[in-house]
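Q: Please read through the structure below; I'll follow up with questions.
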Amino acid sequence: MRWLETSPERYDAGMRLITFGRVAHLHAGVAEAAVAKPGDRVLEIGCGTGAVTLRLLARGARVTAIDQSPDMIEQAKSRAGTADVAFLEQTAAEIDALPEASFDAIVLSLCLSDMSASERAWVLGGCPRILAPGGRLVAADEVRAPAGWRRVLQRLWRLPQAALGWLLTGALSHPLADLGGELQRAGFALRREQRWLHGSLALFVAEPSA
Amino acid sequence: MTATARVKDGLLDFLQTAFRLFPWPTEPGLRKIGRPDASSPVLLTGNFDLTVRRLVKALEGRDAWLLVAPSGGINVWCASSGGHLSTHQVVTALKTSGIADQVSHRQVILPQLAATGVLALDVFRRSRWQVRFGPVDLRDLPEYLETREKTDAMRRVTFPLRDRLQMALMWAAPTALVIGALALWLAPGWTLPCIALVAAMSASVFTLYDRLGVRRREILLTTSIALALAATWSADGGAAALTAAVVAPAFLSALLTLDYAGSTPLEGGSHFEERSWHIALDEAACEGVFRCFEVCPEACFERDDAGRKAILAHDERCIRCGACVVQCPKDALFLESDAGERIPPDTIRRFKLNLLGKRKIVAPGAPGANRAAGR
């Protein structure tokens, strides 16, 4: 969804529009899966305008939110107000600077599909180190719909969206072909999977495999 | 290259030049040129396909690592100034591409025109890689890699005929498509003349504009109106001819108003308000690091006689790209208005060049902060 990011103001409205409002379900699902109990330390990679951040905070989490866009962080910051959250302007590639075993959950909501394959592998591979024992990773993103009519529907729906995105500058994001597999290759065991919008939005809950 | 590959390549060259207003992304990541080893140079560029293909061609017969960073499929100059190729993308590419496992050194060569967006000091702080800004033009890369010395010619942007025509094509092609389609619909007979008019106007603006002196806008505009009226008259009037007569000068004045729209670092682009701002150098703060000298596309800086401080010797050439301001490790450069207001370096680092005037947001407490906030 990179083209929407060129303006934080239109990001939220745009995401709601192209997911027919399902993005709200995804945000709620992510927050619910990430926060087991109040006081949990959650790292949110790619917080954007803070839609998930606010939901994490509402569930009592202590949040560290990173994003590489200063505009996005500004937006998220003003929405979060005085809540218990630290915003860091940095890239996902810099999570190797975070202390070991320092988070109960890591959240990646709609940001993996904006990364290149090597970037995803590097970021996901760095996650187990910073998770505390018993910690979990929650990854939600646009994924390739299951084969058959649903994938045809997804392709048709993406066509005007892709054209618009291409015209309005910024690269195109591609639905992830095998998010579950990438999580497993990065050293995670899948615990739960949930899908919306004919299977084109997916949420995975995973834990580092022993 | 086989004949088919060459045709395909040429076709891509044309399309990507004519429609370079739109992004043409290629897959980011690490690529090999020749047979690079642990001591081979590491070059980094954005993922605008045309640039990457030209780079690979220019370095044929050499061994180097090419790191393609995600710049949204946009060329280096536009992506760096617009925030698509910034420290973030460079750090990400350096850390996640696996290049650190391939080479024994930690020096990466970037195009000089990336200097408006990629902060060399930040890249080092965040990745331990040292940034060198290479030549402006990738055609100078072979010589630069040989000598590792950037000559004065390599650091200065020129605008030769070939580049001028390419930029003219970039504006003419999409415009001709739109106007041509409209003409085809309303008055088919006018399609080709309309397209020819747009092409001629783009070509003349880009080959003549900056050579006409101070009255250039008036000269070109008058000529175009005269041309359009002549065309209308020769076609015995009519609604279509009249439309063309209106559309053509409108297109031309748009082109002129845009002042090349940043198509080249030769003119300041469409930042009208910034005309009243200029780069200022705080001589007391300058410690002679000469990053400004290395990154200025107009070669505005010189060294003083002792070689200890930079001098802003040719500020009449300055296009306010901001590269010197954001790269200076001593914060000795900033933007200053004629009224004495300042935009501090960090504001420029943050908002880049073209984020629709956001650069004017002055840090609270800074001189001129109240005025800027009231905009």
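Every number here is computed from the coordinates shown, using simple stated rules; none is lab data. Predicted model, so just to flag it, every value in this text is computed and none were measured. Cβ placement follows ideal geometry from the backbone for every residue including glycine, while neighbour counts extend to all protein chains displayed.
Q: Tell me which trypsin sites (Lys or Arg not before Pro) from segment A:25-68 have a DSSP coil assignment and no more than 14 other beta carbons within 10 Å of their own.
A: none
Q: Given R₀ = 22 Å, what would the calculated FRET efficiency be for B:Ala285 paired with B:Asp152, taking r from the Cβ atoms and rounding to 0.05?
A: Rounded to the nearest 0.05, the efficiency is 0.30.
Q: Applying 1/(1 + (r/R0)^6) with R0 = 25 Å to the Cβ-Cβ distance of B:Phe22 and A:Leu153, what FRET efficiency is obtained, to the nearest 0.05?
A: My answer for the efficiency is 0.40.
Q: According to a simple spin-label model (label point 7 Å from Cα along Cα-to-Cβ), what is the distance in nm between B:Glu302 and A:Ala132?
A: Placing both labels 7 Å beyond Cα along the Cβ direction yields 6.4 nm.
Q: Which value in nm describes the separation of the simple spin-label points at B:Leu184 and B:Ser104, placed 7 Å from the Cα toward the beta carbon?
A: Using points 7 Å along Cα→Cβ, the separation is 6.0 nm.
Q: Report the gain in length on full extension from B:Thr207 to B:Ala226: 0.36 nm times residue separation, minus Cα-Cα distance, nm rounded to one decimal.
A: 4.9 nm
Q: Using a Förster radius of 25 Å, what is the FRET efficiency between B:Thr2 and B:Arg139 based on their Cβ-Cβ separation? Nearest 0.05, please.
A: 0.55
Q: Still on this structure, please answer the following. Run through the DSSP bridge list for segment B:3-155 and note the antiparallel percent, rounded to the nearest 5.
A: The antiparallel fraction comes to roughly 40 percent.
Q: Need the list of aspartates and glutamates near B:Lys150 for cross-linking: C-alpha distance under 16 angstrom, and skip anything on the same chain fewer than eight residues off.
A: Within the straight-line limit of under 16 Å, B:Lys150 reaches these aspartates and glutamates: B:Asp137, B:Asp140, B:Glu294, B:Glu298, B:Glu302.
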